[in-house]
1. Non-local amide H neighbours of Q473 (under 5 Å, H modeled in plane, Pro and chain starts lacking H): which ones?
2. Please list log₁₀ I(q)/I(0) at q = 0.18, 0.20, 0.29 Å⁻¹ for the range 502-552, using the Debye equation with identical point scatterers on the alpha-carbon positions.
3. About its Cα centre, how strong a charge dipole does the range 313-396 have in debye, to the nearest 20, once Lys and Arg get +1 and Asp and Glu get -1 at the Cβ?
4. Based on the Cα atoms of the range 212-297, what semi-axes does the equivalent ellipsoid have, where each is the square root of 5 times one gyration tensor eigenvalue, given in whole Å with the largest first?
5. Tell me, in nm to one decimal, what length is gained between E465 and H550 on full extension, where the rule is 0.36 nm per residue of separation less the Cα-Cα distance?
6. Can you give the FRET efficiency to the nearest 0.05 for T424 and N454, using r as the Cβ-Cβ distance and R₀ = 25 Å?
7. For the range 268-345, what relative contact order do you get, as a whole percent, if you take Cα pairs closer than 8 Å and at least 6 residues apart?
8. Can you flag which of K587/K628; K295/K340; K389/K452; K444/K556; K520/K556 are past 26 Å Cα-Cα?
Amino acid sequence: MYSGPAAAGSPRRDFISVTLGPEEAVGVGGYNNSKAWRRRSCWRKWKQLSRLQRSVILFLFAFLAVCGAISYTSMGETWKSVTNKSLDDQRTEQQIPRLKLANPVVLPAPQKADANHGDYPELSLQKPPKLPHVRRGPSNLQIKAPRRDTRLKTRHDTMRAVEELVEAHKVEKTEKSIISWRGAVIEPDQSTEPPSSKIMEPEKPSSVEAEDQKEPVPINERQLAVIEAFRHAWKGYKDFAWGHDELKPLSKSYSEWFGLGLTLIDALDTMWILGLKEEFDEARKWVANDLVFDKNVDVNLFESTIRILGGLLSTYHLSGDSLFLEKAKDIGNRLMPAFKTPSKIPYSDVNIGRGTAHPPRWTSDSTVAEVTSIQLEFRELSRLTGDEKFRKAVDEVMKHVHILSGKNDGLVPMFINTNSGQFTHLGVYTLGARADSYYEYLLKQWIQGGKKENELLEDYVRAIEGVKKHLLQRSEPKKLTFVGELAHGHFSAKMDHLVCFLPGTLALGAHNGLAADHMKLAETLIETCYQMYAQVETGLSPEIVHFNLHAQKGHKDVEIKPADRHNLLRPETVESLFYMYRFTGDKKYQDWGWEILQNFNRYTRVPTGGYTSINNVQNPSNPEPRDKMESFFLGETLKYMFLLFSDDIDLINLDRYIFNTEAHPLPIWVPA
Ligand code: DMJ
């Protein structure tokens, strides 16, 4: 109750009293602090007030009551949330995975069409990675597949983000943005044992999953330049060669090899990795509606295995889309007649419509690299389908070659006869064409199978010793270590660009526990491969170089013969640069790759879309375009470029994936 104006000189006393209960008798006079007296006194004062004064006081009272009620409620909420937050904090320390689920998943896990995943991701711990270099965010968590629709949506969101980025990049070149690439991992519980004679159960697809607990990794300028290059190449293919094997960018047409949309299939997983949603979706539609293997056409077993079967399998793993597995099964089955030979060493060619196979017209030999570089793909097909026949067929080839005579300290000849099963053309040894990927697949199969197949490892290690003993030399004047060839005891200082896969493979072996001197050799050889570009007028390597073994005034290390001065947009050096950067973190490897990309742009880019192989790497003013874009430019070269420029080791983690020889990543069955 308001007391009214106080008498002059007396202290002012303002107060309000509210009576809530029944009144009680009060006494008057002197200081009486009894409740009854105070209530009576208040009531008296209230009566003395005018109606207006009472109304104002009642209004004020009501207003204060409402305010009080509101602030009580909100304080309660605040308090509740503070209390809950501290509980959540405790949970974070004990159960980090739960909180991480709040982040969007970027890469979907693959699953079979009928896979029945729970509604919510399930989490499990994995071993921390052993890789030495840059890693973003926590690494010890793994997420199992969330629901398909959520994952696809998130993938699309990511792809859209990349598209926006590329657009933004066009406007403001220096502006940096971020996308949520999280890389992919394989679940340890989906490991597969090495070959067994038992009937295999169909294996769950490897779960390629977003590590969405990590910080988003920025896409950098160089990666954006790769995306731009890919889009330019794709534009040419789409405009002039859609659904055909290869683009002829100058004549704005196409060439056909198998008539199976080779470039499109080879490029599928690259688009996925680069985050090109629109392009990927369009290509997927073509695979779904137009890719038909029931065709009366001869295909090369090796090329169609590494590009088509490999491309479909890796795309299946990355996207989880069962369409790609179905297509992989189809082509895998159609290639099987190649193994029906007296020796079980497959023929080079198969008619995938008729189910017949044959060697080339002029010989009954097959190429050693070809028959020993189809194993990663067929073994994986067996794992996914549970059908052992694929694996049996290719394992038999490896077992046979393992015990075959005619090797020279682990080095193999280039040909093998499909009737006798014996090496032919003995005495010629190279790490280049016709033998190269034999060595690559020895190591990679051993890694794929969980490092248990000792014969593969033995053959690989012995072969590298053979390389050191017979094929290594140093050039003049720069003393570059290179891998030459041996023909009937005579050393030739000739090195194919194809050999440049070797530094990467050596580095991969060292990363997987092989001798440290493999890494040393990798470091010297990648320098040589780089010089095969740097010492040439266009900054692009020719197909073959010859090294100078003796210093001559005015001569570089690298000599090029007129017949060898073409460049087919090959990937091997960029591939090795990628491995070297992953395992060392040395930025010079990225810089070298960047130079190469710029030179591809300078000398092989066709303004109307696409890139072309060239005939003369020594003539910058006229590199003589050949009018052909090989499918591996999109399948391999640009993919390895993109990965080389990335600082995210989980962008195709090398402890979980093994790249086939066409750069299609397949899961390691027992990840490190
Ligand atoms: C690709 O098809 C593969 O990398 C193969 O192993 C070698 N040739 C080309 C690329 O140069």
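1. Close amide H contacts, sequence-distant or interchain: F482, G484.
2. -0.66, -0.74, -1.00
3. Values: 12 positive and 12 negative charges, 49 e Å.
Roughly 240 debye, rounded to the nearest 20.
4. Working: eigenvalues 152, 56, 16 Å².
Taking √(5λ) for each Cα gyration eigenvalue gives 28, 17, 9 Å.
5. On the way: separation 85, 0.36 × 85 = 30.60 nm, distance 2.52 nm.
Contour length minus Cα-Cα distance gives 28.1 nm.
6. Rounded to the nearest 0.05, the efficiency is 0.35.
7. Details: 42 pairs, mean separation 24.1, N = 78.
Here the relative contact order equals 31 percent.
8. Details: K587/K628 32 Å; K295/K340 20 Å; K389/K452 21 Å; K444/K556 35 Å; K520/K556 24 Å.
Among K587/K628; K295/K340; K389/K452; K444/K556; K520/K556, the Cα-Cα distance tops 26 Å for K587/K628; K444/K556.
The values are calculated or read from the model by the stated rules, or taken from the named source; none is laboratory data. Computed from a prediction, not measured in an experiment: that's the story for all the values here. In this analysis, Cβ positions are derived from the backbone assuming ideal geometry, glycine residues included, and neighbour counts consider all displayed protein chains. We work out accessible area using only protein heavy atoms, side chains counted, and drop any ligands, DNA or RNA first. Shrake-Rupley method; radii C 1.70, N 1.55, O 1.52, S 1.80 Å.
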